[in-house]
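Worksheet: the structure to be examined is printed underneath.
Read-outs throughout are calculated quantities, based only on the coordinates presented, and are distinct from any laboratory measurement. Just so you know, these numbers come straight off a predicted model, no measurement behind them. Neighbour counts run over all protein chains shown; Cβ positions are idealised from the backbone, glycine included.
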Amino acid sequence: MATAAHVAQQVVLHPTVSQSLKVLGTTLGRDKTYRAVQYFARFLAWLLLSRGYKIEAARWNALKNHLALGRKLMRLGKPMEHAQAAMRAALAPGVPAEQITTIGRQLSYFGYLFHDTLVWANAVKFYNLKPSTSARVGKLANQFWLSGILFSITFGLLKAGRLANEAKQLQSSAWSEKGAEVDRNVKLQANLAARADARYQFIIDLLDIWIPATNLGFVNINDGVVGIFGVISSLMGLRQQWLAATGKK
């Protein structure tokens with residue numbers, strides 16, 4: 001009995017369990033988790049349907065739809081966060097091109113989430129839209145989403161280029177004093193970390209861009225591929241949240 005209690009204590013109070021609860025205690029942590037399950041369900045529904053398992057596919061498709069609706073509810077009020085971020089970016093000093101793309105990205109996400117809120121209100125019958133209006137609102141949401149990702153990709157490329165040039169300047173500079181050498185090494189480490197973050201987000205954006213592009217009919221990618229891309233980008237986003245919660249980022 002004592003051994004069983006000890007094992008239970010080790011499992012329940014394990015640091016990984018505590019950390020998982022800490023991450024899932026945040027809205028962003030839950031959203032990334034639900035998103036990963038949602039896109040896995042999208043992939044699995046496609047896989048089952050392609051093999052003729054219609055009943056099983058319907059079960060996973062229903063889970064995908066309910067998770068998508070639940071995530072829209074969790075994002076209520078989030079458009080204003082992006083509006084504030086756009087305002088802060090406009091007021092803060094910075095590289096003009098990066099500043100413009102940041103503002104464009106935040107305003108695009110504001111437009112996306114605002115229209116996505118209307119989609120949710122219509123889906124739960126809180127506010128009824130005409131079918132034609134509902135389709136137009138959904139299309140606008142995806143257009144804003146796509147433009148936000150494109151702005152994010154452009155920002156990532158601009159930032160990566162600037163950081164690469166700064167790294168070259170730091171490496172080629174002559175430093176005679178020991179204190180200056182230490183300062184350069186610190187700046188180089190910070191530069192490398194910033195470049196790694198930019199590359200990481202760039203990969204997420206390259207995976208996510210196919211989702212609104214497919215919804216808008218710009219590309220013809222099946223739900224299986226879109227689902228896998230969504231799972232990978234969701235897990236990458238969840239990893240960022242995990243590292244942020246542990247203070248390692």
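So how far apart, in nm, are the two label points at ARG59 and LYS125 if each is 7 Å from Cα heading toward Cβ?
Distance between label points: 2.7 nm.
Positive end of the charge dipole of the chain (Lys, Arg +1 and Asp, Glu -1 on Cβ, about the Cα centre): tell me which of ASN142, GLN84, ALA244 has its Cα farthest that way.
Farthest towards the positive end: ASN142.
Quote the charge dipole size of the chain about the Cα centre in Debye, to the nearest 20; the model charges only the Cβ of Lys and Arg (+1) and of Asp and Glu (-1).
That gives the chain a dipole magnitude of about 520 debye.
On a 31 Å Cα-Cα criterion, which of the cross-link pairs LYS22/LYS72; LYS72/LYS187; LYS78/LYS187; LYS78/LYS159; LYS22/LYS139; LYS78/LYS168 come out too long?
LYS72/LYS187; LYS78/LYS187; LYS22/LYS139; LYS78/LYS168
When only Cα pairs under 8 Å and 6 or more residues apart are kept, what is the percent relative contact order across the chain?
Taking the mean separation of contacting Cα pairs over the length of the chain, I get 26 percent.
For THR26, enumerate residues with amide H under 5 Å from its amide H, sequence gap 5+ or separate chain, H modeled in the peptide plane.
Close amide H contacts, sequence-distant or interchain: none at all.
Cα centroid distance between the stretch 15-64 and the stretch 205-249, in Å?
Their Cα centres are 13 Å away from one another.
For the chain, what does the convex hull of the Cα positions come to per residue, in cubic angstrom? The partial results should precede the final answer.
Working: hull volume 51.1 nm³, N = 249.
Here the figure is 205 Å³ per residue.
Roughly what would the spin-label model give for LEU157 and HIS66, points 7 Å off Cα along C-beta, in nm?
4.2 nm
So how strong a dipole does the stretch 86-185 carry about its Cα centre when Lys and Arg Cβ are +1 and Asp and Glu Cβ are -1, to the nearest 20 debye? Write down the numbers at each step before the final one.
Values: 11 positive and 6 negative charges, 108 e Å.
The calculated dipole for the stretch 86-185 is roughly 520 debye.
Taking only Cα atoms, what is the 0 to 90° angle, nearest 10, from helix 54-74's long axis to the longest principal axis of the chain?
Compared with the principal axis, the helix lies near 50 degrees.
For the stretch 33-238, with the dipole built from +1 on Lys and Arg beta-carbon atoms and -1 on Asp and Glu ones, taken about the Cα centre, which of ALA164, LEU207, VAL124 lies farthest toward the positive end?
Of ALA164, LEU207, VAL124, it is VAL124.
For the Cα atoms of the chain, what angle does the longest principal axis make with the long axis of helix 131-172, in degrees from 0 to 90, nearest 10?
For helix 131-172, the angle is close to 20 degrees.
Can you compute the charge dipole magnitude of the stretch 37-96 about its Cα centre, using +1 on each Lys and Arg Cβ and -1 on each Asp and Glu Cβ, nothing else charged? Give it in debye, rounded to the nearest 20. Could you put the intermediate results ahead of the total?
Details: 10 positive and 2 negative charges, 36 e Å.
For the stretch 37-96, the charge dipole is close to 180 debye.
Could you work out the mean projected area of the convex hull around the alpha carbons of the stretch 47-195, in square nanometres to one decimal?
Mean projected area for the stretch 47-195: 13.9 nm², to one decimal.
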